[in-house]
Amino acid sequence: MDIVVKGRKIEVPERFRKHVAEKLKLEKIQKLDGKVISLDVEVSKEPNPRQADRSARVEITLHSRGPVIRAEAAAGDPYAALDLAAEKLDARLRKQHDKRYSRRGARRISAAEVPAHVPDAATLNGTGAQLSEGNSEAVPTKKIGSLEVQGEGPLIVREKTHVAAPMTLDQALYEMELVGHDFYLFVDSETKEPSVVYRRHAYDYGVIHLSTDTMVTQPHAPEAGGTLGG
């Protein structure tokens with residue numbers, strides 16, 4: 001695998017090309033991602049004198065048999081921009097590497113083992129109220145498929161809340177490919193509404209937008225939700 005360095009409407013000096021080779025060590029990258037096909041580095045310059053402190057921009061694109069990983073940064077000179085972009089690329093490669101490692105090493109656990117593996121796991125009774133440790137043993141346990149559920153269920157394993165900055169559809173697709181998921185939840189920057197992009201058959205993508213309707217009086221109606229099929 002070689003590193004391809006090119007300039008966008010600018011000439012790239014040989015000194016900078018050597019610096020790229022020294023900064024982006026191929027052996028280190030291939031240890032984190034053994035499926036790398038190519039690595040492109042593009043340098044551009046912002047002509048606006050008011051943006052002199054961010055006039056140099058470097059974009060690194062890593063192509064592999066997995067998702068494409070990009071990292072870009074801007075600074076007062078291309079060398080500083082390259083250093084910043086290389087740090088971002090390294091962080092994203094390590095994140096992908098750790099994710100693959102954790103998936104290979106993980107094993108499935110039963111519902112009965114959840115409290116021992118997941119902190120603050122909550123068990124609910126049939127009315128949806130959380131059970132305390134004192135009365136959890138008094139509730140009958142039943143088998144549903146491979147899960148053991150106390151009472152009528154359901155069993156909540158983990159709940160997360162993320163702070164998300166609004167983004168465009170193109171950015172959401174890019175983020176989905178970067179993390180390697182089949183769907184990505186985001187806030188649309190145009191509508192300011194929650195939306196989901198997802199991978200369909202072959203290489204097609206789909207998008208679901210959610211909008212609030214104050215006239216809807218039946219929140220549990222079948223048409224109130226959507227699926228990722230189709």
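The values are calculated or read from the model by the stated rules, or taken from the named source; none is laboratory data. As the structure is a computational prediction, the values presented were derived from the model and not from experiment. All Cβ positions, glycine included, derive from the backbone under ideal geometry; neighbour counts span all protein chains shown. These accessible areas exclude ligands, DNA and RNA; they are computed on the full protein's heavy atoms, side chains included. Shrake-Rupley method; radii C 1.70, N 1.55, O 1.52, S 1.80 Å.
For the reader, a short list of remarks on this structure follows.
- Summing charges over neighbours of PRO166, with a neighbour being any other residue whose Cβ is under 14 Å away from its Cβ, gives -4 when K and R count +1 and D and E count -1.
- List ASP77, ASP170, ordered by accessible area with a 1.4 Å probe, largest first: ASP170, ASP77
- Accessible area, probe 1.4 Å, largest first, for residues HIS19, HIS209: HIS209, HIS19
- Violating pairs (Cα-Cα greater than 20 angstrom) within the set LYS9/LYS45; LYS18/LYS99; LYS9/LYS88; LYS6/LYS99: LYS18/LYS99; LYS9/LYS88; LYS6/LYS99
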